[in-house]
Amino acid sequence: MSNTIIVGAQWGDEGKGKIIDVLAREADYIIRFQGGNNAGHTVVIGDQEFVLHLIPSGILHPGKVCVIGNGVVVDPQALCDEIESLQKRKITIGSNLKISDQSHLIFPYHKILDQLRETHLGKSKIGTTGRGIGPCYVDKMARCGIRLADLMEDEVFQEKLGDNIHEKNEVFQEVYGHPGFSYEEILESYQGYREKIKLYICDTVRLLNDAIAKKKNLLFEGAQGTLLDVDHGTYPYVTSSSATAGGACAGTGIGPSKIGRVIGVAKAYTTRVGEGPFPTEFDAAQMKRIRQKGNEFGATTGRPRRCGWFDAVLVRHAVLVNGLDEIIITKLDVLDEDQTIKICTSYQYQGKRYDRFPANGKILEECEPIYEEHPGWRQQTCEISSFKDLPINAKKYLRRLETVVGAPIKMVSVGSKREQIFSI
Ligand code: IMP
């Protein structure tokens, strides 16, 4: 296996957790490079379900090194909770977990600000996960963020925290009428987290580059998805990080020349959580049916996901901006009962046809999707374990997806379990 990046080719929740779990067998290192505990990567092993928010999904494989890269924002409370809950379930966490000393810390004021901003935005809210992700990245870019390396130096940490709280409290009190935060309380709790996580913190840039020099296999685990990327997604209804393949290099300190393969994961239909345009969104009846069949509820917030037909304009965009070599299609089985299955191949807006993803959000909000209709297969696929055994209409649907998105499909997943996946 060459060093491989896995990214979501839609709006997140494509089933990347399961794919990482499957591909992790061949990898030595599994690395998160962006986002934080806004992610929810679900892996089902036997009758046990694991939902990972911050720790790479590879942690479920003994002997793999899991890395939280510099591009990730870390909520230490969420991290400690996740470590503890995995350990309770007999998952070993020790020298197999490494966290970058350059990654930024999420503080309580980030979380509250995230929630206050959403309330303030009212109808125009983004529908964030409320985990403080956006405000933490704002501080990173404004160059006032606090990194794990700072947490390790008590004097530096105290000074940076003091400066931040002083400034934040003014904003909270003046703009939001919020009482603000106690320096002492935050200091004490973060000093406590430091004791719990310090053994994992290291220079992961060096660690990973050394691993590459030793010909180890690296698997980069993208979170969210291309259409939630801050540059390439449906801005402003996006997350605040680079969820596309380029983010893997910036978010780990690995040069692009060291990457061998980029794989995009897409569902056989489309979903999104939160606000923002969604051209192929289902009507209420179809939404209810697919949501139930596909168990489309957010793994992090439990919010019902919005569902719609496969949108090839979006996935073509993902193929382009990520340079996808291959696609993996998940949840094909969810469409087993549909009589007719639609693929959106372009949009129509004010008499003009759009084959490419438009940056203008108004077009996405108001366009008419142009659909192709395909006959469904009306047959259960969850026990099928090879492409040749799929119903003919399912094969045709997958082949058509390859053509309209412009990338080969390499694997198909037909259920949440580890074994419900096969190569093409
Ligand atoms: P934030 O990342 O919490 O700031 O949320 C910004 C947008 O990204 C919202 O629409 C969220 O619902 C969405 N989002 C964030 N993380 C995920 C994810 O892991 N899956 C799907 N949507 C996500």
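The values are calculated or read from the model by the stated rules, or taken from the named source; none is laboratory data. This structure is a prediction, so every number in the text was calculated from the model and none was measured. Glycine gets a Cβ as well: all are built from the backbone with ideal geometry, and neighbour counts include every protein chain shown. Surface accessibility is based on the protein's heavy atoms, side chains included, excluding ligands, DNA and RNA. Shrake-Rupley method; radii C 1.70, N 1.55, O 1.52, S 1.80 Å.
Rolling a 1.4 Å probe over the protein heavy atoms of the chain, with every protein chain left in place, gives an accessible area that is 48 percent carbon and sulfur. For the chain, a Kirkwood radius taken over Cα pairs fed into Stokes-Einstein (37 °C, viscosity 0.692 mPa s) yields D = 148 µm²/s. Using the Cβ of Ser242 as centre and a radius below 10 Å, the other residues enclosed give a net charge of -2, where K and R count +1 and D and E count -1.
Note on the chain: antiparallel DSSP beta bridges, both residues inside, total approximately 40 percent of the bridges counted.
Under a model in which nothing but the beta-carbon of Lys, Arg (+1) and Asp, Glu (-1) is charged, region 195-287 shows a dipole of about 660 debye around its Cα centre. Per residue, the chain exposes 42 Å² of solvent-accessible protein surface, assessed with a 1.4 angstrom probe and all protein chains in place.
Computed about its Cα centre, the charge dipole of the chain is approximately 1440 debye, with only Lys, Arg, Asp and Glu carrying charge at their Cβ. The convex hull defined by the C-alpha atoms of region 327-411 has an orientation-averaged projected area of 6.3 nm². Considering region 1-107 at the alpha-carbon level, its Rg and Dmax are found to be 13.0, 38 Å. Which is the longest run of the chain containing none of the GluC sites (Glu not before Pro) found in DSSP loop states (not H, G, I, E, B) with at most 12 other C-beta atoms within 10 Å? Counting only loop sites that pass the neighbour cut-off, the longest clear stretch is 154-382. On a per residue basis, the convex hull of the C-alpha atoms belonging to region 158-258 measures out at 155 Å³. Model label sites at Thr301 and Arg261, defined 7 Å from Cα along the beta-carbon direction, differ in position by 3.4 nm. Extending 7 Å from the Cα toward the beta-carbon at both Gln158 and Ile186 defines two label points whose distance is 1.7 nm.
Near Arg418, once Lys and Arg are set to +1 and Asp and Glu to -1 for all other residues with Cβ below 13 Å from its Cβ, the sum equals -1. Given a cut-off of 22 Å, name the pairs among Lys18/Lys342; Lys98/Lys196; Lys288/Lys331 whose C-alpha atoms lie farther apart than that in the structure shown. As for pairs spanning more than 22 Å Cα to Cα, those are Lys18/Lys342. Between Lys90 and Arg378, the contour length at 0.36 nm per residue exceeds the alpha carbon distance by 99.6 nm. Dipole magnitude for region 267-423: computed about the Cα centre from +1 point charges on Lys and Arg Cβ and -1 point charges on Asp and Glu Cβ, it is near 140 debye.
Evaluate Rg over Rh across region 268-420, taking Cα atoms for both radii and Kirkwood's formula for Rh. Result: Rg/Rh = 0.95.
Taking region 373-390 and a reference point 7 angstrom along Cα→Cβ of Phe422, the backbone N atoms nearer than 18 Å belong to 377-390. Of all alpha-carbon pairs in region 256-297, indicate the percentage at a distance above 11 angstrom. Across region 256-297, Cα pairs with separations above 11 Å total 75 percent. Taking a ≥ b ≥ c as the square roots of the eigenvalues of the Cα gyration tensor, an a/c ratio of 1.5 or more together with a/b no larger than b/c marks region 193-239 as oblate. For region 104-196, a Kirkwood radius taken over Cα pairs fed into Stokes-Einstein (37 °C, viscosity 0.692 mPa s) yields D = 238 µm²/s.
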